[in-house]
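Below is one structure, written out as structure tokens; the observations come after it.
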């Protein structure tokens, strides 16, 4: 028995297909950033809505048999598959059996997988008892129409929608932060309702024809305290009316208390909710910028080029600066970019992230660089360094580009003094003025230019100045006209944007 | 440039590096400071002629004879002082060419109003650079190397001498790439004293006295400079 279990576990562990499919399903069902998850979600939501619509329609109209078939078999089938998959990916029993085997081997004790198997099963059972899993399970049952009471199952399908609506999740999350207050309130409510119910029962059971049982009395107390007051049961004796007065007053107090608790919970969480929405939004895009710090550099950058970047977030850990950024109309969140948790929120898996470390402190910038690189090497970092002695540290930290504002400005001044005519030229080129852009033509977008010689390419026709080829790490300046363009080359040209676009259109590329 | 004399106000963050760069390029730099610490630093770094004055005093500025210098460069660390200095210099010497550095967005405008001919905004140039790195990483990197003449390739201004073979030629008809240099742009004196890029699409007629801005290997540029002195090739 032990051996069979172990060999099954080992077989599953060794099977690449099994592990891959399991992790794929897990990612698909649970990872909000998975690109295919939204299709799964949309399908399930569609099934839920149609089955509810069918039931509502059916109340007054006869439905065709195929709709019944759809509702009873197809929807239930899909839901049960989903339920089983969720149960399957919840934990890995085979992995725990293998680790148990390794541990027993290491400690020299007898190997018994039963305990681990039991633990794994218990874990699954625990999952099955969570509210969301229970709803999933009950939602599988179709609303069996002949038995009217079983129509209640359709409610579970509606509840199942909760899993797919983010705002409800956030709502419960916010409320769970006020658990203590709400529980206190609930307890108080229970206490008052019971007391008042018992009191009215004792006072009026004999005299009031509407109160026959304790249930009636408690029902009356709840309807009164909630200020709903149907009026189907009302006190008839002065004692009963006194009790009414007391519970109506406490009811008003309690409702206002409950409202204030919920409102304060939301206002406390509002900025957090907003920020998580911003992060969620940006995570959906393929590539985005994270700008750390909202100082002079960031302000200048956004003032000049803000309109060209759609997908970005400014991370600022000083509240006043963050407010300023928002006032200036930029997407900013109050976060410390040097914290691991902050950067972890962004989807490094599916998006290309570029981080601009533009805070005024070198230490901070280095720390952010390291933090980003420790999360994923894929993150590109452009860091600002104020002190020349920091350059090597930034390089060690792994920054892709290091920018020294002082150096940039000094070299501009130097050029302005030594070569005044050229200063204008270089400044225009650096700022990318329309007539003097120096731009790159990548061969991977323009397959047509591969294999052609420089002479054959129509630079003159497009009024472009061809400057050279970046091949690997080398730059070949002004190569001979018989040089052949190779795959992976980047051609460096200067000219107007329209010239560049014209050139690209000549070779029908999107380089 | 004929007059290579530069009057540099400030030997702080920027001044120190600019001064040294200029000296390396063969400029005659006169350092002026008002701060004791920076002044001593300048002396230590070999600027023996460095002067310490109170730049808020007009007489002290007049005594420096700024009119004898090609350019006045204001790069004092104290930005208030820098603006005040620019303003004083402009009011005293209306003909001088004043270049100033700005350390903040607000100062740039003040310096321009104070009369600086050119203001270099530290943050503006850096913001440009970030934008360039994001959009044209390779080109930006290369361009920077051209500016500082790394790898031997750089820009150069060449004035077409009298009797040069270039005199009378049209820009569309000449191809400098066989000489190993590329023509980036020029100042065509006929069309006014301003720089125009070759990619603007205008066919210029070259004359003696026009300035060509070329890019190329430093050696090749030097050879080309010699070449254009000749009447024919």
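The values are calculated or read from the model by the stated rules, or taken from the named source; none is laboratory data. What you see is a predicted model; the values in this text were computed from it and never measured. We place every Cβ from the backbone using ideal geometry, glycine too, and count neighbours over all the protein chains shown.
Quick rundown of the values:
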{"read-out": "Of all residues making up the range A:325-341, the number that are touching a residue at least 60 places away in the same chain (Cβ under 8 Å) and either surrounded by fewer than 17 Cβ atoms within 10 Å (Cβ to Cβ) or not in a loop (DSSP other than H, G, I, E, B) (or both)", "value": "1"}
{"read-out": "Filtered residue count, the range B:167-177, keeping only those that are within 10 Å of chain A (Cβ to nearest Cβ) and either in contact (Cβ under 8 Å) with a residue 24 or more places away in the chain or surrounded by fewer than 14 Cβ atoms within 10 Å (Cβ to Cβ) (or both)", "value": "3"}
{"read-out": "Count of the range B:84-109 residues which are over 19 Å from residue B:61 (Cβ atoms), more than 7 Å from chain A (Cβ to nearest Cβ) and assigned to a helix (DSSP H, G or I)", "value": "4"}
{"read-out": "Any hit, the range A:313-324, residues being away from chain B (no Cβ under 14 Å), under 30 Å from residue A:179 (Cα atoms) and either free of Cβ contacts under 8 Å to residues at least 24 places away in the same chain or outside any loop (DSSP other than H, G, I, E, B) (or both)", "value": "yes"}
{"read-out": "Residue satisfying condition, being closer than 30 Å to residue A:43 by Cα and surrounded by 16 or more Cβ atoms within 10 Å (Cβ to Cβ), within set A:175, A:182, A:222, A:189", "value": "A:175"}
{"read-out": "Residues of the range A:266-296 satisfying the condition of being farther than 20 Å from residue A:343 by Cβ and within 14 Å of chain B (Cβ to nearest Cβ)", "value": "A:296"}
{"read-out": "Cβ pairs under 6 Å, 6+ apart, first in the range A:261-272 and modelled with pLDDT of 80 or more, second surrounded by 16 or more Cβ atoms within 10 Å (Cβ to Cβ)", "value": "A:261/A:178; A:261/A:181; A:265/A:174; A:265/A:178; A:266/A:174; A:269/A:174"}
{"read-out": "Residue within the range A:275-286 that is more than 23 Å from the chain's Cα centre (by Cα) and modelled with pLDDT of 85 or more present", "value": "no"}
{"read-out": "Those residues of the range B:128-160 which are closer than 16 Å to residue B:213 by Cα and buried (at least 16 other Cβ atoms within 10 Å of the Cβ), in sequence order", "value": "B:143, B:146, B:147, B:153, B:154, B:155, B:156, B:157, B:158, B:160"}
{"read-out": "Test: residue in the range B:55-73 that is within 14 Å of chain A (Cβ to nearest Cβ) and either free of Cβ contacts under 8 Å to residues at least 12 places away in the same chain or assigned to a loop (DSSP other than H, G, I, E, B) (or both)", "value": "yes"}
{"read-out": "Which numbered condition residue B:9 fails, given (1) more than 23 Å from residue B:157 (Cβ to Cβ); (2) surrounded by fewer than 19 Cβ atoms within 10 Å (Cβ to Cβ); (3) within 13 Å of chain A (Cβ to nearest Cβ)", "value": "(2)"}
{"read-out": "Residue match in the range A:7-26 (condition: in a helix (DSSP H, G or I) and closer than 19 Å to residue A:137 by Cα)", "value": "yes"}
{"read-out": "Selected residue (criterion: surrounded by the most Cβ atoms within 10 Å (Cβ to Cβ)) from residues of the range A:29-46 that are part of a helix (DSSP H, G or I) and modelled with pLDDT under 85", "value": "A:29"}
{"read-out": "Residue match in the range A:389-398 (condition: over 20 Å from residue B:138 (Cβ atoms) and at pLDDT below 85)", "value": "no"}
{"read-out": "Failed criterion for residue B:1 (all others in (1) at pLDDT below 90; (2) out of contact with any helix residue (DSSP H, G or I) (no Cβ under 7 Å at 6 or more places or on another chain); (3) more than 9 Å from chain A (Cβ to nearest Cβ) hold)", "value": "(3)"}
{"read-out": "Count of the range A:386-401 residues which are away from every other protein chain (no Cβ under 11 Å) and surrounded by fewer than 22 Cβ atoms within 10 Å (Cβ to Cβ)", "value": "8"}
{"read-out": "Filter result for residue B:212 (in contact with a strand residue (DSSP E or B) (Cβ under 9 Å, 6 or more places away or on another chain) and assigned to a loop (DSSP other than H, G, I, E, B))", "value": "no"}
{"read-out": "Matching option when the condition is under 25 Å from residue A:389 (Cα atoms), part of a loop (DSSP other than H, G, I, E, B) and free of Cβ contacts under 8 Å to residues at least 24 places away in the same chain, among B:21, B:46", "value": "B:46"}
{"read-out": "Matching residues, the range A:483-511, being closer than 16 Å to residue A:450 by Cα and assigned to a loop (DSSP other than H, G, I, E, B)", "value": "A:483, A:485, A:486, A:487, A:488, A:489, A:507, A:508, A:509, A:510, A:511"}
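Quick grid of which residues meet (1) under 30 Å from residue A:403 (Cβ atoms); (2) more than 9 Å from chain A (Cβ to nearest Cβ); (3) at pLDDT 80 or above:
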site: B:133; (1), (2), (3): yes, no, yes
site: B:147; (1), (2), (3): yes, no, no
site: B:165; (1), (2), (3): no, yes, yes
site: B:179; (1), (2), (3): no, yes, yes
site: B:183; (1), (2), (3): no, no, yes
site: B:190; (1), (2), (3): no, yes, yes
